[in-house]
Amino acid sequence: MMFYRKSVSFVAVLALALMASVAAFATESKDKRAGRVYEPLNLAILIQDDLTSQVSNELGVTRDFIRSLPTGSQVMVAYITSGSLQVRQPFTADLEQASRALRMPVSSTSVSPYNPYVEVIQALLKFEATSRNKNAVLLISDGLDTSHGFDSTSAGTTLALERAIQHANDRNVSVYAFYAPSVGLTSHSRLAASYGQSSLNRLARDTGGKAFFQGTSGFVSFDSHFRRLKETLNEQSTRVS
């Protein structure tokens, strides 16, 4: 009887240890998978040039993200400024070179684009149709289209936004968006910030991407955004495969 009890106790302890190991392995695997992107990307990083100066503090984590992309990835870096797309680095497989193309935004209303979605369309035209990589845009913007005035009732339904969605889908490009306030309206008006976020969310949702926000007031950091972006990209790759 004593031997039987010891045997049962040993089996129970062994089972508990095995369960703990499996749980730890699963957690570790999830953490590792969330820690970097697994599948190569063709990624265009677009930064709105009139965003607040706090965005400059996020250049380091943005560079780290670029450098962490898997071999075979191609990255373009461009700025949305004064109604034009300033490409500082065309698509390149040299991730270090792409990371060095980042610069601080001008953070002035003198370079406000008034409509970031026109420049998004310009960037979409630069994707090659023959690549086997997943195509993606990372748009860092306040999302606010004031080219025809500020009308909160039309959030997420402007003509330029509709065209950007159509062009992205035609070229099989998913758009991911980080919201950041500009030095203009979205820094002073929660309504304007909400309008911009609604438009970014529509663009991302309707192109198979995702938009990331941290509320409509103030600015924190992109750390959590990049962590969630990596998780999202890996989850989508798993579903596709």
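Overview of results
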item: Order of 39, 119 - criterion: other Cβ atoms within 10 Å of each residue's Cβ, fewest first; result: 39, 119
item: For peptides 181-191, 44-54, sequence by mean Cβ density within 10 Å, most packed first; result: 44-54, 181-191
item: Other-chain or far-sequence residues with amide H under 5 Å of residue 44's (modelled H); result: 76, 136, 137, 138
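Only the coordinates and a few stated rules stand behind these numbers; no lab work does. Predicted, not measured: the structure shown is a model, and the values here were computed from it. Reconstructed Cβ throughout: ideal geometry from the backbone, glycine too, with neighbour counts over all protein chains shown.
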